[in-house]
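What follows is one structure encoded as structure tokens, with my remarks underneath.
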Amino acid sequence: MIKVGVVGGTGYTGVELLRLLAAHPAVKLTAITSRSEAGLRVDDMFPSLRGRVDLRFVTPQEAALESCDVVFFATPNGIAMQQAAALVAAGVRIIDLAADFRLRDPAEWEQWYKIPHAAPELLAEAVYGLAEVNREQIKTARVLANPGCYPTAVQLGFLPLVEAGVITLDHLIADAKSGVSGAGKKAEVGNLYSEVTDSFKAYGVAGHRHLPEIRQGLARIAGGKAVGLTFVPHLTPMIRGIHATLYARLSREVDLQELFETRYQNEYFVDVLPAGRVPETRSVRASNMCRIAVCRPQGDDTVVVLAVIDNLVKGAAGQAVQNMNIMFGEEETLGLTALPVSP
Ligand SMILES: NC(=O)c1ccc[n+]([C@@H]2O[C@H](COP(=O)([O-])OP(=O)(O)OC[C@H]3O[C@@H](n4cnc5c(N)ncnc54)[C@H](OP(=O)(O)O)[C@@H]3O)[C@@H](O)[C@H]2O)c1
């Protein structure tokens, strides 16, 4: 059994991790942290876990994290990087759901996250956990940077086009929408029911933190070529889900449907819809699936890709468990095959 610790077990991605890990046949949950709820039974806070998780929250200091095989950090940005070196030295592997190890360049991290990087020496070896691109490196990763939610949907949508070199890379557009759980559980006026319901708005238009992550990932897929990207995220009044609408200019003729179907034919968690269909966020809710459609409106030279994920699953906890499976030699889909819930 894989002994697992979760730092930040009270948040939205934390409880999603607990839901998946409690049902995972190769996992023994060992330590779950919370500073604010230390001492409370986990299933008192989350009755959905009654009978499945027999632990109490402990503070990160008291948690026996060094005795785990892997520790998930479901914490705000800037936490995992402070504890990673000591855990790695103790032989513990790390999966960070925050952004601490996503950007390769510590100066770029500081520019976007406004604090100096606390473990630049680990950045060099950290592996970006987009399995559809990096499966081989993930197998041996000691420090795994789980991709952001928007970056997962946007990169999976552009991936076949960039890899095949059939679009011009200087002017990609990603117009993406997220449900409110993307902002986490912490109380903020902007996330109140009466602030977000029955309304719709963009945010981070001038520059969102996921922009450098997406650009870095796409440039890598493009073999090191620079990628020009306009990324505009939106807040939409639903709880879970990301919908990305992606635009690119074709540079040569290609059968787009065949390109996408071929690229993803062996990827369990990416479903390319038949031509003419469009994906809905509710078709992936609570599952680790990404559903994608590709089309070329009016036969023009602009390709439009639609990609949907559940931000808390393929965009966070589910992808993290997928990465754990790869890192520990388990079947990649283990514990992740439950179907989406509908309605
Ligand atoms: N929400 C999403 O859809 C999503 C998707 C992809 C990635 N992410 C990333 O995943 C991370 C967690 O997001 P979330 O939405 O789950 O956040 P959240 O709901 O706000 O939960 C944060 C968790 O971290 C703990 N925490 C806060 N400060 C801490 C500290 N200094 N030391 C240790 N624990 C601390 C909190 O518990 P205590 O305060 O009780 O300790 C809480 O359990 C973030 O970095 C986020 O950017 C989120």
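Yes or no, residue by residue, for (1) touching a Phe, Trp or Tyr at 6+ places or on another chain (Cβ under 9 Å); (2) modelled with pLDDT under 95; (3) farther than 16 Å from PHE158 by Cβ:
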{"site": "ARG277", "(1), (2), (3)": "no, no, yes"}
{"site": "ARG285", "(1), (2), (3)": "no, no, yes"}
{"site": "VAL308", "(1), (2), (3)": "no, no, no"}
{"site": "ALA317", "(1), (2), (3)": "yes, no, yes"}
{"site": "ASN323", "(1), (2), (3)": "no, no, yes"}
{"site": "GLY329", "(1), (2), (3)": "no, no, yes"}
{"site": "THR337", "(1), (2), (3)": "yes, no, yes"}
Taking only pairs six or more apart or across chains, which ones have beta-carbon atoms under 6 Å, a first residue in segment 170-191 that is over 19 Å from LEU229 (Cα atoms), and a second residue that is of a type in the set (Gly, Ala, Ser)?
GLY179/GLY241; GLY184/GLY11; LYS185/GLY11; ASN191/ALA183
Would a scan of segment 45-67 turn up a residue that is touching a residue at least 40 places away in the same chain (Cβ under 8 Å), within 17 Å of the chain's Cα centre (by Cα), under 20 Å from ARG142 (Cβ atoms) and more than 8 Å from the ligand (Cβ to nearest atom)?
no
Just the residues that are in a strand (DSSP E or B) and of a type in the set (A, V, I, L, M), please, taken from segment 197-231.
ALA202, LEU229
Go through (1) in contact (Cβ under 8 Å) with a residue 60 or more places away in the chain; (2) of a type outside the set (S, T, N, Q); (3) out of contact with any Asp or Glu (no Cβ under 9 Å at 6 or more places or on another chain) one by one and return the number of the condition VAL127 breaks.
(1)
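Residues checked against (1) surrounded by 20 or more Cβ atoms within 10 Å (Cβ to Cβ); (2) more than 16 Å from the ligand (Cβ to nearest atom); (3) more than 30 Å from ARG19 (Cα to Cα):
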{"residue": "PRO76", "(1), (2), (3)": "no, no, no"}
{"residue": "ALA80", "(1), (2), (3)": "yes, no, no"}
{"residue": "GLY91", "(1), (2), (3)": "no, yes, no"}
{"residue": "LEU103", "(1), (2), (3)": "yes, no, no"}
{"residue": "GLU108", "(1), (2), (3)": "no, yes, yes"}
{"residue": "GLN111", "(1), (2), (3)": "no, yes, yes"}
{"residue": "HIS117", "(1), (2), (3)": "yes, no, yes"}
{"residue": "GLU121", "(1), (2), (3)": "no, yes, yes"}
Under the condition of being part of a helix (DSSP H, G or I) and of a type in the set (A, V, I, L, M), which residue from segment 18-58 is surrounded by the most Cβ atoms within 10 Å (Cβ to Cβ)?
LEU18
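Each row is one residue, and each column tells you yes or no for (1) loosely packed, with under 10 Cβ neighbours inside 10 Å; (2) at pLDDT 95 or above; (3) among the aromatic types (Phe, Trp, Tyr).
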position: SER181; (1), (2), (3): no, yes, no
position: LYS186; (1), (2), (3): yes, no, no
position: TYR193; (1), (2), (3): yes, no, yes
position: ALA202; (1), (2), (3): no, yes, no
position: VAL205; (1), (2), (3): no, yes, no
position: LEU211; (1), (2), (3): no, yes, no
position: ARG215; (1), (2), (3): no, yes, no
position: LEU218; (1), (2), (3): no, yes, no
position: ILE221; (1), (2), (3): no, yes, no
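The values are calculated or read from the model by the stated rules, or taken from the named source; none is laboratory data. No experiment lies behind these values; they were computed from the predicted model shown. Neighbour counts are summed over all protein chains in view; Cβ atoms, including those assigned to glycine, are modelled from backbone coordinates with ideal geometry.
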